[in-house]
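Notes follow once the structure below has been shown.
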Amino acid sequence: MRNTRLYDRHVVRLSSTETGEDVRQFLQGLVTQDTAAAMPLWAGLLSPQGKALFDFLLWADGDDVLIDCEGTQAEALVRRLTIYRLRRKIAIAIDPSIAVFWNANGNSDPRHPAMGERWLGAPADDDVDVSGVYRSHRLALGITEGVAELGSEQTLWLEANAVELNGVSFSKGCYVGQENTARMNWRQKVNRRLVVVPLEQADISRQRCGYPELGLSVELRRVDDMQSLQLPGWQRTAIA
């Protein structure tokens, strides 16, 4: 049986090159999730202002951490993490020997139980590309990801529904962008949110990207302008 693969995802490996280095501890001071927790985890790397630069899933591989990320952003993510590495003895590189796989059955994705089964493994020449099927499934659940939808330094992490989709820890220590993110949560004040709406409800002035083949529009809307939208249950509850 051929594996169903997400060809538009790459895997970045972080590994210690010297005894005593702790990859999880390195990431703990950078990303929005608690890297001491069980993985996989959905997390973001933010700007100092708390806006999304990259979003990804973190996987454990022994003492290494694997980052399941958008393929077109993998090199940029490696460069950004390398800047933060400074003199730490940690190797950061795309690992072509590992691919990301998915099918609609199962519930291993930490964002939502209906997101399906996701796993990492060795790629094969006869893998089936299901990137389009995955995108349709994800957007039907109202879940956004990637630079085209979240933007780069355009969306505050909580505006990307990070609380509802298990993408942030408020009990861990500091990380890049933590101050604004924690303040918004403490005030319980998220004025805008990313939404996925049918094209007939689209507001082009607020659109991040459109998927005419799916009849969907990804937009950043004010919460007080969302009451009439067709939203998934998890998001409707968040704005109630």
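Mind listing whichever residues of the stretch 104-131 are in contact with an Asp or Glu (Cβ under 7 Å, 6 or more places away or on another chain), more than 23 Å from Leu27 (Cβ to Cβ) and open to solvent by less than 70 Å² (accessible area, probe 1.4 Å)?
Gly106, Gly116, Ser131
Name the residue that is least open to solvent (accessible area, probe 1.4 Å), counting only residues in the stretch 1-24 that are in contact with a Phe, Trp or Tyr (Cβ under 7 Å, 6 or more places away or on another chain) and outside any strand (DSSP E or B).
Top of the filtered list is Leu6.
Is one or more of the residues making up the stretch 89-103 under 23 Å from Gln178 (Cβ atoms) and either surrounded by fewer than 16 Cβ atoms within 10 Å (Cβ to Cβ) or in contact with a Ser or Thr (Cβ under 9 Å, 6 or more places away or on another chain) (or both)?
yes
Just one of the numbered conditions (1) more than 16 Å from Val11 (Cβ to Cβ); (2) open to solvent by 30 Å² or more (accessible area, probe 1.4 Å); (3) in a helix (DSSP H, G or I); (4) touching an Asp or Glu at 6+ places or on another chain (Cβ under 8 Å) is not true of Thr72; which one?
(1)
So in the stretch 25-50, with the set limited to residues that are in contact with a Lys or Arg (Cβ under 6 Å, 6 or more places away or on another chain) and part of a loop (DSSP other than H, G, I, E, B), which one is least open to solvent (accessible area, probe 1.4 Å)?
Ranking the qualifying residues of the stretch 25-50, first place goes to Thr35.
Given the conditions (1) closer than 25 Å to Asn107 by Cβ; (2) aliphatic (A, V, I, L, M); (3) open to solvent by less than 60 Å² (accessible area, probe 1.4 Å); (4) not in a helix (DSSP H, G or I), and given that Leu158 satisfies all but one, which numbered condition is not satisfied?
Every condition holds for Leu158 apart from (4).
Across the stretch 216-232, what is the number of residues that are surrounded by 12 or more Cβ atoms within 10 Å (Cβ to Cβ) and either polar (S, T, N, Q) or within 17 Å of Arg138 (Cβ to Cβ) (or both)?
So the count comes out to 7.
The values are calculated or read from the model by the stated rules, or taken from the named source; none is laboratory data. For clarity, every value in this text was computed on a predicted model and none was experimentally measured. Note: ideal-geometry Cβ built from the backbone for every residue, glycine included; neighbour counts use all protein chains shown. These accessible areas exclude ligands, DNA and RNA; they are computed on the full protein's heavy atoms, side chains included. Shrake-Rupley method; radii C 1.70, N 1.55, O 1.52, S 1.80 Å.
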